[in-house]
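Input: a single structure, listed below in structure tokens.
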Amino acid sequence: MYILLMGPPGAGKGTQAAKLVEEFKIPHISTGDMFRQAVKEGTPLGKQAKEFMDAGKLVPDSVTIGIVKERLAKADCKKGFILDGFPRTLEQAEALGKTLLALGINLTRVVNINVPHGDLVSRVTGRRICKSCGRAFHVEFNPSTKGENCDACGGQLYQRADDSEATVVNRLSVYDAQTQPLIAYYEQQGLYTEIDGRQPIDKVYEGVVKSLKVERA
């Protein structure tokens, strides 16, 4: 099962990805995770990415796509994956298509969790992340039972610097501009499904699983 998970900042992709990982035992792969792993392993592409990241520059598509290809070729992706945060542009989507073709992989579904901007601002500004394991919580919608500490590992929760209201509004504007061509691209391929992310978490998840058209145990 090869899933491309889309959605604006705060739509709940991380929450849904965690549930998919638990049920289907496939890895959740984000762009940030791929970069960090490639840098940690010291691969040639990882070293290139680190140079751009250390300089505060965007990692160019040529490097990003190479890192994506390296990650998706690993053994834990043979039975499937949840790809999150990539592609962000039409050019990246086309490059991803070529990469998957070379790996003999066909996307199962492109799932977009959509939430209106007004709801997203309150969602994102209330988000808290675990410093230790990276798990996401929300002070209102998905709080940790341990207060300011993570349910999973006990690590300290914090608010990301880019989760301020002004930053979120700008990020949503940029996301919309980038995403519209991607939606059309995957609709043309018959792969696209949009889920109303305003529903309760379990309802959103049921919609995601239903779109995958898989038999559940």
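Some values worked out for this structure:
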item	result
Every residue from segment 161-199 that is closer than 25 Å to Ala93 by Cβ, of a type in the set (Gly, Ala, Ser) and in a helix (DSSP H, G or I)	Ser173, Ala177, Ala184
From Arg88, Arg71, Arg128, residue being outside any loop (DSSP other than H, G, I, E, B), modelled with pLDDT under 95 and under 30 Å from Arg198 (Cβ atoms)	Arg128
Test result for Gly118, at positive phi, outside any strand (DSSP E or B) and surrounded by fewer than 18 Cβ atoms within 10 Å (Cβ to Cβ)	no
Unique match (being modelled with pLDDT of 95 or more and in a loop (DSSP other than H, G, I, E, B)) among Ile26, Ile3	Ile26
Residue in segment 50-57 that is touching a strand residue (DSSP E or B) at 6+ places or on another chain (Cβ under 8 Å) and either hydrophobic (A, V, I, L, M, F, W, C) or assigned to a loop (DSSP other than H, G, I, E, B) (or both) present	no
Matching option when the condition is surrounded by 14 or more Cβ atoms within 10 Å (Cβ to Cβ), among the aliphatic types (A, V, I, L, M) and touching a Phe, Trp or Tyr at 6+ places or on another chain (Cβ under 7 Å), among Met1, Met34	Met1
Count - residues of segment 200-210 that are modelled with pLDDT of 95 or more and either assigned to a loop (DSSP other than H, G, I, E, B) or among the hydroxyl-bearing types (Ser, Thr, Tyr) (or both)	1
Test: Cys130 is buried (at least 18 other Cβ atoms within 10 Å of the Cβ), of a type outside the set (Lys, Arg), in contact with a Lys or Arg (Cβ under 7 Å, 6 or more places away or on another chain) and at negative phi	no
Among (1) within 18 Å of Pro27 (Cβ to Cβ); (2) in contact (Cβ under 8 Å) with a residue 12 or more places away in the chain, the one test that Lys78 misses	(2)
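So that you can scan it fast, the table gives a plain yes or no per residue for (1) under 18 Å from the mean Cα position of the chain (by Cα); (2) among the hydroxyl-bearing types (Ser, Thr, Tyr); (3) modelled with pLDDT of 90 or more:
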site: Ala55; (1), (2), (3): no, no, no
site: Leu120; (1), (2), (3): yes, no, no
site: Cys133; (1), (2), (3): yes, no, yes
site: Thr145; (1), (2), (3): no, yes, yes
site: Leu157; (1), (2), (3): no, no, yes
site: Asp163; (1), (2), (3): yes, no, no
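The values are calculated or read from the model by the stated rules, or taken from the named source; none is laboratory data. As the structure is a computational prediction, the values presented were derived from the model and not from experiment. So basically every Cβ, Gly included, is an ideal-geometry build from the backbone, and we count neighbours across all protein chains shown.
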